[in-house]
1. Would you confirm, using the coordinates I've provided, whether GLU578 is closer than 16 Å to ASP125 by Cα and either charged (D, E, K, R) or not in a strand (DSSP E or B) (or both)?
2. Tell me, which residue of region 486-497 that is in contact with an Asp or Glu (Cβ under 8 Å, 6 or more places away or on another chain) and surrounded by 10 or more Cβ atoms within 10 Å (Cβ to Cβ) is nearest to LYS436 (Cα to Cα)?
3. Looking only at region 568-585, filter to residues that are touching a Gly at 6+ places or on another chain (Cβ under 9 Å) and crowded, with 23+ Cβ neighbours inside 10 Å; which one of those is farthest from GLY227 (Cα to Cα)?
4. hydroxyl-bearing (Ser, Thr, Tyr), crowded, with 20+ Cβ neighbours inside 10 Å, in contact (Cβ under 8 Å) with a residue 12 or more places away in the chain and under 30 Å from SER428 (Cβ atoms): does that describe TYR387?
5. Is region 614-626 home to any residue that is outside any strand (DSSP E or B) and in contact with a strand residue (DSSP E or B) (Cβ under 7 Å, 6 or more places away or on another chain)?
6. Go through region 485-525 residue by residue and tally those that are among the small types (Gly, Ala, Ser), assigned to a strand (DSSP E or B) and within 30 Å of ASN605 (Cα to Cα).
7. Can you tell me which of (1) over 27 Å from VAL250 (Cβ atoms); (2) exposed (fewer than 15 other Cβ atoms within 10 Å of the Cβ); (3) at pLDDT 85 or above is the one SER773 doesn't meet?
8. Any residue in region 751-768 that's farther than 29 Å from ALA699 by Cα and part of a loop (DSSP other than H, G, I, E, B): show its pairings with residues that are at pLDDT 55 or above and acidic (Asp, Glu) at Cβ separation under 7 Å, as long as the two are six or more apart or on different chains.
Amino acid sequence: MSLINSRGIVMLFMLVLFTVSSSFSQNKDPYKATLSGHIKSAYTGLDVIGATVYLESVQKGTATDVEGNFKIVVPKGLFKVRFSSVNMKTQIIEIDLIKDVNIEVELREEVLNLNEVTVFAEKQDANVKSLDVGKNELDINKINSMPAFMGEPDVVKSLMLLPGVSTVGEGASGFNVRGGGVDQNLILQDGALIFNPSHVFGFFSVFNPAVVKSASLYKNGMPAQYGGRLSSVLDVELQEGDFNEYKGEVGLGLVASKLALQGPIVKQKVSFLIGGRASYSDWLLNRAKDLELRQSSAMFQDMNAKLAYMVNDKNKISYSGYYSRDGFKFAAESDFEWSMMNHVVKWSHIFSDRADLDVNFVVGNYTSLVKENDQNIRYDVTSIIDYQKMSVKYSYLINERHSLNAGLESTYYQFQPGNRDVITENTSLTDLNIEKEKSIETGIYLEDDFTVNSSLSIRAGLRFSHFVNLGPGIDYLYGANDSRKENNITDTVYYDNGEQIASYQGLEPRVTVNYELTPTSSIKMGYNRTRQYLHMISNTAAVSPYDIWKTSNYYIPPEIGDQLSLGYFRNFRENQYETSVEVYYKHGTDVTDFKNGKDLFMNTNLEADLLTGESNSYGIEFFVNKKMGKLTGWMSYTYSRSFRKVEGENDDETISNGDWYPSNYDKPHDFTTAINYQSTPLVSFGVNFTYSTGRPVTAPELNYNVGNLTYVNSYSLRNELRIPDYHRLDISMNLKTKPKVERWWRASWTFAVYNVYGRKNAFSVYYKNEVGSPPSAYKLSVLGSAFPSIMLNIEF
């Protein structure tokens, strides 16, 4: 399909959407009216999330969303409406709903005994009644209470304590969801793409907790607005600055510090928020006993900025900016550097109390740099991803049973897979530029949340995605029935700038069903199909600067994934305890893998060394969450398996004899617990424990002598062996200073110990060849001892 046809489809879609919306508007029930509006704090001017709107005479209510907005359809009449939220004074307002009404409500904080305050980011029974299946949301206050590396609360590490979410080990960037790869997670920050979610190889995440507003993880049941990845969506939204007063936060730790400031530029009209973090860990590495660690260095910096402008009661414009930079050097070996930069402009418009529109424009960059410092040869390799993205989301409340979401998005990518600059003179190695890649990914979607009856509700959506790979470019043609090798190339095809190289498209249906058995229990089913057009090519289990991002092209088709899940949700003791059991099955086609023994770094004909196959993942997840009381927290257990199968026409295009083999992230047993005990309003304790099966590895099984060669290795089949099981215990204590009226600041101390009993967990097992001896096995443990930390936080 040509670009012109793609634009035609988009225009036709918008025309149909407008016609459908107009039709619904004209057929509105004349006996009902819509009450909508926005609730904010009278003190801070910030949105109030999860506030309750209740009309007692008809026993109907709703709650505000993450932007403080609400909508509810009721019969026309005169009502007393109760607006309430935890820790705020309840307001009762009499409203005459003879027609649709939009209202702005300000709630004032209420002074309560601290040990009785429980704050919820959502309705207490949302896990039972909502249409979200396979979705997890963590309250930022809960994240702050968890033990963390170096005392720094972390969004990503907190998510790893949830069922179905894991990592291949300490020092590993990224995370794995339900047996999927790290590149199969769509990670967004205020709508901008995040290609690497970690600092310092996984010890810190790129999300500064001082500026995060909400974090939502979709493991299944992805709303139709999301696309482009097979496994999950992590959508992180940043706060807006306070519209009424200036506030700030400072955090001082052993290896990193943070700062956040916010306040009004024009009161009630324009606000700002800035946040930044910086590390200084080299002093700690320099005191290590290991010589190689003393010669190493690690650092990161990041900065967030956000401006919000309330144009009027129907329009808001915001800007969000992000920049980060990482550097790592191990002994005298290679230096690694990577950076990200994102700019987001968002316009939100309210057409009426039933319809609103969000428009986003994003510009982003991800750059990685490898500096080889070998004594004989030195060179730099730079890889770059540039993208521009536009998205439009339209929401329309049809009636009390139907809410419509529709929209489109389009992203233009430019990839520079590798640019090698040789620094050493008088060497045979030369400068090398891997061919650039350009592509456009477009998606349009339509989704309807509707209530069938008091027990049954359904979310049904359909997404259409289209992808085109553009020139300039080169494709190599190979002989019939020949494997893709350099010596089998029969011809070369050249493409001009902007010429279509390859094109793919397809439908992505989504459906979620919730059937309430009782007011405290329900059964949910979710199915979604997704297509992934971008691929991270790697022969390691974790994200590293050696990894290569590629677009789909003539030889690399998009990955297609189908997932089906079924869950039972039940709450106990007036929603104090949430429990759930979910089973899932995932199947993927055209999943990329690599040929045995191939070097993927700076490979000028990478397609020749890549293979495509199938993937299968399945599992069962158990979750128990205690939400109220002095003792809160959760326990989760996951049994899961993740396999791949690659069977080609030739031997070198087949892995493990064409049989199913474990993926790099197949970890059958995973148990986690996160507990927080609030002993007094000023003192709390946290405990985390995690256990998981060791991940698969490929390793030598035996060795033999051939002629003059001794101890030649014979390797196992792909991922046939495993490293030792992983387990770790973390503890923390948080002390807050007693608040005083005359004091304009408040401080808290966080004391934490990571890996309390000093478990030497294996990140990997590797082998060294020694002359005249069989290969020796070594276990690499990133953190093999207890790691204490302290952090001082000051709020003002």
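The values are calculated or read from the model by the stated rules, or taken from the named source; none is laboratory data. Computed from a predicted structure; not experimentally measured. Cβ placement follows ideal geometry from the backbone for every residue including glycine, while neighbour counts extend to all protein chains displayed.
1. Values: closer than 16 Å to ASP125 by Cα: yes; either charged (D, E, K, R) or not in a strand (DSSP E or B) (or both): yes.
Criteria met by GLU578.
2. We begin by selecting, within region 486-497, every residue in contact with an Asp or Glu (Cβ under 8 Å, 6 or more places away or on another chain); these are 488, 492-493, 495.
From what's left, surrounded by 10 or more Cβ atoms within 10 Å (Cβ to Cβ): 488, 493, 495.
On the way: ASN488: 23, VAL493: 16, TYR495: 12 Å.
Looking at the filtered set, the residue picked out is TYR495.
3. Filtering first and then ranking leaves GLU582.
4. Values: hydroxyl-bearing (Ser, Thr, Tyr): yes; crowded, with 20+ Cβ neighbours inside 10 Å: yes; in contact (Cβ under 8 Å) with a residue 12 or more places away in the chain: yes; under 30 Å from SER428 (Cβ atoms): no.
For TYR387, the condition - hydroxyl-bearing (Ser, Thr, Tyr), crowded, with 20+ Cβ neighbours inside 10 Å, in contact (Cβ under 8 Å) with a residue 12 or more places away in the chain and under 30 Å from SER428 (Cβ atoms) - is not met.
5. Keep residues of region 614-626 that are outside any strand (DSSP E or B), which gives none.
No, that holds for no residue.
6. Residues in region 485-525 being among the small types (Gly, Ala, Ser), assigned to a strand (DSSP E or B) and within 30 Å of ASN605 (Cα to Cα): 3 in total.
7. Every listed condition holds for SER773 apart from (3).
8. VAL756/ASP730
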